[in-house]
Amino acid sequence: MSFGKSLKAGLFTDNPTLVQMIGLCPTLATTTSIVNGIGMGLSATAVLICSNIVIALLRKIIPNKVRIAAFITIIAGFVTMIDLLLQAFIPSLSASLGLYIPLIVVNCIILGRAEAFASKNTVGQSAVDGIVMGLGFTFALILMSIVRELLGAGTIGGGAVTIFSQPATIMILPAGGFLTLGCIIAVMQKLLKKGE
Amino acid sequence: MAVKQKNEFVQLGGILCAITLVVSLCLGAVNAITVDPIAVQNKLKTENALAQVMEADSEEIEVPEGTTVTTDSGTSVEIFSAYKMTKDGQDAGYCVEVGPTGFGGAVDTMVGISTDGKITGISVISAASETPGLGARSTEEEFQAQFKDQPADGTVAVEKDGGSIVALTGATITSRAVSEGVNAAVKFAAEQG
């Protein structure tokens, strides 16, 4: 499969969040502002690429019976490293994402791709899969956070641009997350049906 | 059969052990690189907060980890750190870093208390566990400015509780927590003499 085709699958037809419906917890939790959405998306992408590569490398060594334990150990290792690196070198992002970084460990997209793809394919293919699935996740987070930040806080990009001053606060609360996710998934399904 | 099964266990355990070992080694390496920058970042944050609440020289007071103060209204607040402040050789009061419990966790706040019984200012260092756009707005200047010159007698409270602090819209719990944090800081400073 060419990179372009994979990218299209990751972003649209097989989008991890909007079509495969995995990794919904961080999607709902972190999309209260665009900066957070992009930060979470890219951090998870970095972990996904690293873990996919390593798991593909080790796919013949890791025994089937203990594969989940091995995957989780590797993923947790990468997440902790990224957490420490963010704290040390990008403290502002670490402050706003603080709570969510450890959650990447249990992000089902990463374990899901390790199990469904990286453990059965070559290193190159797994790296590409990590990139496209990560970008698909980031794309979904950006869509969500644009809608929620605009309606819920009346701003775009963390208060840089104020659109209106009487926002509907519910949109940045958990309920707004569900509302937005539902609407975006509905639109996505409609567009995908049309495309078939 | 028994021997074969035993071998399999050894093999599985061995591989898992090897993976864990390698991951731990990598983690150790990353930790070695980042431990100093992280300490610098944390120190910088505290220093900025100190400078914001009181312009004076600070000397850290030893606070045992897990120290808590119970305010008059019965809220238990953890004390993170405390500083004795001096200006031109004169006693200038105390700065106390408190962690009152907000909506989602501790709201890390630095409180300055002058010798003449007033709050010199507060600085919310981190409200990362509060709701973005609501409680997390406690880090904004406008909210914090209200605490300046409040009496340091443990009566700081939001309007709803009979005080004069205007709570953040939709974030009474966070606003209340910060107020209680200020009261706890005052009590802790008073205990220092």
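For this structure, a couple of remarks:
- Set of the stretch A:137-155 residues, backbone N closer than 19 Å to the point 7 Å along the Cα-Cβ line of A:Val106: none
- Counting only residues at least eight positions apart within a chain, or on another chain, the lysines with an alpha carbon under 29 Å from that of A:Lys8 are A:Lys120, A:Lys190, A:Lys193, A:Lys194.
- For the protein assembly as shown, the convex hull drawn through the C-alpha positions has a volume of 182 cubic angstrom per residue.
- Among A:Ile131, A:Ile163, A:Ile142, residue whose mean-square fluctuation peaks in a GNM of chain A (springs only between Cα atoms under 10 Å): A:Ile163
- Between B:Gln11 and A:Ile170, the simple spin-label model (points 7 angstrom out along Cα→Cβ) gives 5.9 nm.
- Helix B:172-191 and the longest principal axis of the C-alpha atoms of chain B enclose an angle of approximately 80°.
- Label-to-label distance, B:Leu27 versus B:Asp72, with points set 7 angstrom from Cα along the beta-carbon direction: 4.7 nm.
- Nearby lysines by direct alpha-carbon distance to B:Lys87 (threshold 23 angstrom, same-chain neighbours under 8 apart not counted): B:Lys43, B:Lys45, B:Lys118, B:Lys148, B:Lys187
- Equivalent ellipsoid of chain A: semi-axes from √(5λ) of the C-alpha gyration tensor, largest first, are 30, 21, 13 Å.
- Cα-based convex hull, the stretch B:1-157, per residue volume (Å³, whole number): 193 Å³
- Fewest-first sequence of A:Tyr100, B:Tyr94 by Cβ atoms within 10 Å of each Cβ: A:Tyr100, B:Tyr94
- Based on DSSP H segments of at least four residues, each scored -39500 (n - 2.57), chain A has a per-residue ellipticity at 222 nm of -21000 deg cm²/dmol.
- Equivalent-ellipsoid semi-axes for the stretch B:79-127 (Cα gyration tensor, √(5λ), whole Å, largest first): 24, 10, 7.
- Simple label model, 7 Å out from Cα along Cβ direction - A:Asn64 to A:Lys5, nm: 2.8 nm
- Mean separation of Cα contacts under 8 Å, 6 or more apart, over the residue count of chain B: relative contact order %: 16 percent
- Over 14 Å [Cα-Cα, the stretch B:55-101], rounded percent: 54 percent
- Proximal aspartates and glutamates relative to B:Lys160, as straight alpha-carbon distance under 14 Å, when same-chain residues fewer than 8 apart are discounted: B:Glu180
- Of every Cα-Cα pair in the stretch B:98-193, the percent that sits beyond 21 Å: 22 percent
No value in this document is a laboratory result; all are computed from the given coordinates. Note that the structure is a prediction, hence the values are computed from the model and not measured. Heads up, the Cβs are rebuilt from the backbone with ideal geometry, glycines too, and the neighbour counts pull from every protein chain shown.
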